[in-house]
1. For segment 62-105, enumerate the residues that are under 30 Å from Thr19 (Cα atoms) and among the hydrophobic types (A, V, I, L, M, F, W, C).
2. Among Ile68, Ile78, which is modelled with pLDDT of 95 or more and under 22 Å from Ala2 (Cα atoms)?
3. Of the residues that sit in segment 105-131 and are in contact (Cβ under 8 Å) with a residue 60 or more places away in the chain and aliphatic (A, V, I, L, M), which one is nearest to Met63 (Cα to Cα)?
4. Out of all the residues in segment 62-77, is one or more among the hydrophobic types (A, V, I, L, M, F, W, C), more than 23 Å from Tyr11 (Cβ to Cβ) and in contact with a Leu (Cβ under 8 Å, 6 or more places away or on another chain)?
5. Which one is farthest from Leu64 (Cα to Cα) among residues in segment 112-125 that are buried (at least 17 other Cβ atoms within 10 Å of the Cβ) and modelled with pLDDT of 80 or more?
6. With the requirement that a residue be among the small types (Gly, Ala, Ser), part of a helix (DSSP H, G or I) and surrounded by fewer than 17 Cβ atoms within 10 Å (Cβ to Cβ), what does segment 54-104 give you?
7. Would you tally the residues in segment 13-37 being touching a residue at least 12 places away in the same chain (Cβ under 8 Å), assigned to a helix (DSSP H, G or I) and not hydrophobic (A, V, I, L, M, F, W, C)?
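The values are calculated or read from the model by the stated rules, or taken from the named source; none is laboratory data. A quick note: this is a predicted structure, and the numbers were derived from the prediction, not measured. Note that we place each Cβ from the backbone using ideal geometry, even for glycine, and neighbour counts take in every protein chain shown.
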Amino acid sequence: MALIVLVLVPYLTSGLVRTYAWIVILGDGGLINNLLLDHGLISSPLPLIYNRMAVYIGMVHIMLPMMILPLVSVMMGIDKSLMSAARSMGARPSTAFWRVFFPLSMPGVRSGCMLVFVICLGFYITPAALGVGRCHAIDLHCVAGP
């Protein structure tokens, strides 16, 4: 239950706000570069923003709840006695996980992947803000044409 709360609380914040938070964190004067500069690990700021990696970080952060929620709902529906039965039949915990729990959780993985994929097809804000012309989304290419 705590996982659901930890996933849903950030999801209540706008995607635009979370994207601009990443600009503050990854920027030249951002949190990560300042920490690295203060500890003497680097001599000049790293280019952490306005590249493909920044877009990936932002998109994963925004899409993570869309993947976790279907997974949690499917995993909560798996009967725990199945794992106990596998253990009582002599299976090690890792074997019970991979042979019983993991296959039963695959519908959540499939639905989460499909949901995230479809939503990512319509992403405008994060690639535009964190990529700034260097990293384009598929939808921008479709609208702009050849």
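1. In the first step, residues of segment 62-105 are kept if they are under 30 Å from Thr19 (Cα atoms); the result is 62-75.
Across segment 62-105, the qualifying residues are Ile62, Met63, Leu64, Met66, Met67, Ile68, Leu69, Leu71, Val72, Val74, Met75.
2. Just a single option satisfies the conditions, and that option is Ile78.
3. Ile125
4. Initially, segment 62-77 is screened for residues among the hydrophobic types (A, V, I, L, M, F, W, C), giving 62-64, 66-69, 71-72, 74-76.
In the following step, the residues that additionally are more than 23 Å from Tyr11 (Cβ to Cβ) were identified as none.
No, the conditions are met nowhere in segment 62-77.
5. Selected residue: Cys120.
6. Those that are among the small types (Gly, Ala, Ser), part of a helix (DSSP H, G or I) and surrounded by fewer than 17 Cβ atoms within 10 Å (Cβ to Cβ): Ser73, Gly77, Ser81, Ser84, Ala85, Ser88, Ser94.
7. Qualifying residue count, segment 13-37: 5.
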